[in-house]
Amino acid sequence: MFLNLLKYVLLAIIQGISEILPISSSGHLIIAQNLLGLDISNMSTSIFLHVGSLVAVIIFYFSTLKVLSQNSFRYVFKKEKNSETKKAWHLILMMLISILPAGILGLIFKSKIEDIFSTTIFIGINLIITAILLLFLTKNKGKKTIDEITYKDALIVGLFQALGIMPGISRSGITTIGGKVSNLKDEDAVNYSFLLFIPVALGTGLLEIIELCTGKLVLTEQEIILNTIGALISMIVTYISLKLLLKIIKKGKLYYFSLYCLIVGILVLIF
């Protein structure tokens, strides 16, 4: 029991760090599972860990989400057409456009993509691709804020986010890259990336939880306890990681993650 608990704690810490930092949570979880010899064939642990991360992101952006939802409601249902409500509703529309590509691709091809690209070889290659893209765009200092995102920008970010379905391609990293391609400021690109993470993770998590509740994924009492502990740890580490990432972004040190992904990707391919 203690050894299993230790493994789940390590996986939760890895999830909390790699979900937020642009280094691919799915890739790192697969690598960690191979190193730890932990077989999670029913994916239940992945579900719990991702739910933990989702709760942390919602808590972190709660005030933003509250204002966004309130102003959007006022714009649509109370017909209040001021600058704040227009900005809120515009951002909601942009987010809807951005989540469409990943949503469509995920519903149709997610399981096939995971089956094909979940090998360590592909993960190594995808980490190197992430590294190259991050490094290439490190010096691209955008000028736009979230409020200035256009329909074209939203679609570009969405297409980049869809690439994050592949294990080894960081969802947060690739979506941030999409924001930087669209000329968003670094911090705005990161914030937009994690605002998009919430509906995408909610949709994905809901489908997986339905599978869990309908009996397609069966858990023992011990697995429920271990997964719950893992989810709580994942939530805490995710929250801390998000605060750390924004500090690093403000300092313009995004290339740190590029170097890390490059080194890990090469090591994975070698070993």
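No value in this document is a laboratory result; all are computed from the given coordinates. What you see is a predicted model; the values in this text were computed from it and never measured. Counting neighbours? That spans all protein chains shown, and the Cβs are built from the backbone with ideal geometry, glycine included.
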Given (1) 47, 46, 37; (2) 77, 47, 28; (3) 58, 41, 34, which label gives Cα extents along the principal axes in Å as computed from the coordinates?
(3)
The answer for trypsin sites (Lys or Arg not before Pro) in the stretch 25-86 that fall in a DSSP coil and have at most 11 neighbouring Cβ atoms within 10 Å is K78, K79, K81
Identify all lysines with a Cα-Cα distance to K86 below 17 Å; exclude those on the same chain that are fewer than 8 residues away in sequence.
K66, K78
Given H placed 1.01 Å from N in the peptide plane, which residues other than close sequence neighbours of K144 have an amide H under 5 Å from its amide H?
L184, K185
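For the chain, give the magnitude of the charge dipole about the Cα centre (Cβ charges: +1 Lys/Arg, -1 Asp/Glu; no others), in debye to the nearest 20.
The calculated dipole for the chain is roughly 1180 debye.
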Between I240 and N4, what length comes free when the chain is fully extended (0.36 nm per residue of separation minus the Cα-Cα distance, one decimal in nm)?
82.5 nm
Sequence order, the stretch 79-88: Karplus ³J(HN,Hα) from phi using 6.51 cos²θ - 1.76 cosθ + 1.60, θ = phi - 60°, Hz rounded, Gly and Pro as x, gives 6, 8, 9, 10, 4, 5, 5, 5, 4, 4
Karplus couplings for the stretch 49-64 from phi (6.51 cos²θ - 1.76 cosθ + 1.60, θ = phi - 60°), rounded to Hz, Gly and Pro as x?
5, 5, 5, x, 5, 4, 4, 5, 5, 4, 4, 4, 9, 4, 5, 5
Tell me, T145, T120 in order of fewest to most beta-carbon neighbours within 10 Å?
T145, T120
Please check: in the Gaussian network model of the chain (C-alpha springs, under 10 Å), which one of H50, H28, H90 has the largest mean-square fluctuation.
H90
In nm, the gap between the two label points placed 7 Å beyond Cα toward Cβ at K112 and D147 is 4.4
Tally Lys/Arg at +1 and Asp/Glu at -1 over every other residue whose Cβ is under 9 Å from the Cβ of S182; what's the total?
+2
With runs of 4+ DSSP H residues as the only contributors, calculate the mean residue ellipticity of the chain at 222 nm using -39,500 (n - 2.57) per run, divided by the residue total and rounded to the nearest 500.
-27000 deg cm²/dmol
Taking the Cβ of each residue in L68, L36 as the centre, tally the other Cβ atoms inside 10 Å and list the residues starting with the fewest.
L36, L68
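What order do you get for D115, D147 when you list them from fewest to most C-beta neighbours inside 10 Å?
D115, D147
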